[in-house]
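To start, the structure itself, in structure tokens.
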Amino acid sequence: MIKRTLIAVSFLWLAGCATVEPVWKTIPEAAISYRKAWPIIVSTISDKFDIVTVDANSGYLRTDWKVKKDFLGTPESRVRMAVRTESKEPLKFNFRAEFEKWNAWTQAWTPSGNDSRIESELQEEFAARLK
């Protein structure tokens with residue numbers, strides 16, 4: 001019985017330590033030029049996040065981490081955005097909301113994939129603004 005309990009606890013601990021890398025999503029193609037689209041992308045992201053890196057020449061943008069804390073002020077999770085230009089002709093952008101959870105056992109952030117809620121909201125905004 002003790003052996004089964006130890007195995008179950010070990011499995012749950014290891015499952016909690018598993019990391020999930022974020023994947024890139026595609027912003028719907030727009031019929032406007034890169035020169036007009038890039039400021040719209042930057043503005044849309046900067047409405048929700050603080051931008052750390054932006055390079056219009058290469059078409060890359062990354063934001064600072066936005067940390068969510070519990071009522072005691074302990075970090076729970078964090079998210080940051082990244083945008084990259086796949087091509088300027090035809091115009092294609094990729095983006096992702098990198099999501100990480102705080103692991104109290106290891107005192108470290110664990111990659112946990114994408115924040116699909118934020119990505120969905122931004123996908124709608126991009127589609128509306130890039131017409």
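The values are calculated or read from the model by the stated rules, or taken from the named source; none is laboratory data. Everything quoted here is computed from the prediction, not taken from an experiment. Using ideal geometry, Cβ is built from the backbone for each residue, glycine included, and neighbour counts are taken over all protein chains shown.
Filter segment 90-117 down to the residues that are farther than 22 Å from residue 31 by Cα and part of a loop (DSSP other than H, G, I, E, B), then identify the one that is modelled with the highest pLDDT.
115
So, in segment 55-75, of the ones that are in contact with a strand residue (DSSP E or B) (Cβ under 9 Å, 6 or more places away or on another chain) and small (Gly, Ala, Ser), which residue ends up surrounded by the most Cβ atoms within 10 Å (Cβ to Cβ)? Full working, then the answer.
To start, the set of residues in segment 55-75 that are in contact with a strand residue (DSSP E or B) (Cβ under 9 Å, 6 or more places away or on another chain) comprises 55, 58-70, 74-75.
Of the ones still in play, those that are also small (Gly, Ala, Ser) are 58-59.
On the way: 58: 9, 59: 21.
Across segment 55-75, the extreme among qualifying residues is 59.
Anything in segment 84-131 that is touching a Pro at 6+ places or on another chain (Cβ under 6 Å) and either among the hydrophobic types (A, V, I, L, M, F, W, C) or surrounded by fewer than 18 Cβ atoms within 10 Å (Cβ to Cβ) (or both)? List them, or say none.
Step one: of segment 84-131, the residues touching a Pro at 6+ places or on another chain (Cβ under 6 Å) are 96, 98, 100, 102, 113-114, 127.
Within segment 84-131, 102, 113, 127 meet the criteria.
Look at residue 122 and say whether it is among the hydrophobic types (A, V, I, L, M, F, W, C), part of a helix (DSSP H, G or I) and out of contact with any Leu (no Cβ under 9 Å at 6 or more places or on another chain).
On the way: among the hydrophobic types (A, V, I, L, M, F, W, C): yes; part of a helix (DSSP H, G or I): yes; out of contact with any Leu (no Cβ under 9 Å at 6 or more places or on another chain): yes.
Yes; evaluated as a whole, the condition is true for this residue.
Given the conditions (1) out of contact with any strand residue (DSSP E or B) (no Cβ under 6 Å at 6 or more places or on another chain); (2) modelled with pLDDT of 95 or more; (3) of a type in the set (Ser, Thr, Tyr), which single one is not true for residue 87?
Of (1) out of contact with any strand residue (DSSP E or B) (no Cβ under 6 Å at 6 or more places or on another chain); (2) modelled with pLDDT of 95 or more; (3) of a type in the set (Ser, Thr, Tyr), only one is false for residue 87: (2).
Here is a list: 67, 52. Which entry is within 18 Å of residue 114 (Cα to Cα) and of a type in the set (Val, Ile, Thr)? Write out each step before concluding.
Values: 52 fails: within 18 Å of residue 114 (Cα to Cα).
Unique residue meeting the criteria: 67.
Checking the condition of a type in the set (Ser, Thr, Tyr), under 21 Å from residue 121 (Cβ atoms) and either more than 12 Å from the chain's Cα centre (by Cα) or assigned to a loop (DSSP other than H, G, I, E, B) (or both), which residue from 87, 77, 58, 43 passes? I'd like the intermediate steps shown before the answer.
Details: 87 fails: under 21 Å from residue 121 (Cβ atoms); 77 fails: either more than 12 Å from the chain's Cα centre (by Cα) or assigned to a loop (DSSP other than H, G, I, E, B) (or both); 58 fails: under 21 Å from residue 121 (Cβ atoms).
Answer to the selection: 43.
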